Structure formats: C-alpha cells, structure tokens
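S.K.: Input: one structure, supplied below.
The values are calculated or read from the model by the stated rules, or taken from the named source; none is laboratory data. Please read these numbers as outputs of a predicted model, since none were measured by experiment. All Cβ positions, even for glycine, are placed from backbone atoms using ideal geometry, and neighbour counts span all protein chains on display. To get the accessible areas, we keep the full protein, side chains included, count just its heavy atoms, and leave off ligands, DNA and RNA. Shrake-Rupley method; radii C 1.70, N 1.55, O 1.52, S 1.80 Å.
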Amino acid sequence: MFPRDFYEILHILGIALLFAAIGGVAVHAANGGNKANSGTRGLVSSIHGIGALLILVGGFGMLARIGFQHGTNFPGWLWVKIIVWLVLSAVALLPYRKPELARPFLVLLPVLAGVAVYMALYKPF
Ligand code: HEM
C-alpha cells in the first residue's frame, strides 16, 4: 500500500511532464513550427501521454488515501479537476493545427492548472 504522498509525487511529476509537452509545442508552433518539421514529435507525444497518465494514477491514488468511499458520487471539486485534466490532455498538440492558439495557451493553460490546484486545496463544492 503506497502512502498518499507517493501518489502526490506521481501527480506532480505528471503535471510537470504534461506542461513540458504543452509548453514545447506552443513555443514551437508560435515560431512557425509544425508537426512535419518537429524533430521531437515522438518524444513530446510520449511525455504528454505519460504525464496525463501519471496525473490520473496519482490523483485517484490520493483520492483513495484521503478516504473517498468507492461507489459514492464524485464531489464537484473533483469533477472540475477531471474536466481540467481532459482539456489539458486534449489540447496539448492543438497549436500545431491552430498556431494562433499557441500564445494564448502559454498563459491560459497554466491558469487552468491553478484552478485544479485551488480545487484540491479548498474543495469549495
Ligand atoms: C483526473 C484528474 C485529477 C484527479 C482525479 C485529481 C485528484 C486529486 C486529489 C484526490 C488530490 C488530493 C487532495 C487532498 O489531499 O485533499 C489532488 C491534489 C492535487 N492536484 Fe489533482 N487531480 C486531478 C487533476 C489535476 C490536475 C490536472 C492538476 C494540475 C494541472 C492537479 C493538481 C493537483 C495538485 C497540485 C495537488 C496537491 C495539492 C496539495 O495537497 O498540496 N490535479 N488531486
């Protein structure tokens, strides 16, 4: 049985990997780069996928350790975190298709992460 903090390490490591991928793609796309001329496509896709997976494993691992009863409805704060995770996981490579999103992503996606952290710390609903 791993303790809560072990899962928090996985959770934060996942966040770092996901944002390394998000930042890398956004900066490359903002400078005119695209999937075809990217020399790190495979690496970025891998750390993006591993990052998203570690957030999930770490998050649900912590959930079990903080006493969440299996089978009960997810509280609002957790749904917000899951939606943030879905958005962050889904849009990471989008600047390659829509380069005009690259700069806004560099600012807005970290703000979205802030919303997820706020939900974890304050659980407002
Ligand atoms: C499937 C999605 C997610 C799940 C199930 C999840 C679940 C959790 C849980 C259960 C905790 C522990 C709360 C506690 O100890 O009271 C937590 C903490 C945390 N979550 Fe998530 N989370 C998810 C997504 C995210 C995302 C996308 C981010 C940021 C990008 C994030 C950032 C954090 C941080 C920084 C903490 C540590 C807060 C602290 O105790 O100091 N989480 N998360």
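S.K.: With the requirement that a residue be outside any helix (DSSP H, G or I) and more than 22 Å from residue 121 (Cβ to Cβ), what does the stretch 38-89 give you?
M.R.: Matches in the stretch 38-89: 38, 39, 40, 70, 71.
S.K.: Moving on. If you go through the stretch 27-63 one residue at a time, how many are touching a helix residue (DSSP H, G or I) at 6+ places or on another chain (Cβ under 8 Å), more than 12 Å from residue 88 (Cβ to Cβ) and of a type in the set (A, V, I, L, M)?
M.R.: Total satisfying the criteria: 11.
S.K.: Residues of the stretch 90-104 being in a helix (DSSP H, G or I), of a type outside the set (A, V, I, L, M) and either at pLDDT 95 or above or more than 17 Å from residue 48 (Cα to Cα) (or both), which ones?
M.R.: 99, 100, 103, 104, listed by residue number.
S.K.: For the list (1) on the phi > 0 side of the Ramachandran plot; (2) open to solvent by less than 30 Å² (accessible area, probe 1.4 Å), I need the number of the one condition that residue 33 fails.
M.R.: (1)
S.K.: Right, another one. Condition first: closer than 19 Å to residue 112 by Cα, open to solvent by 70 Å² or more (accessible area, probe 1.4 Å) and more than 9 Å from the ligand (Cβ to nearest atom). Now tell me which residues in the stretch 63-83 satisfy that.
M.R.: Within the stretch 63-83, just 79 meets the criteria.
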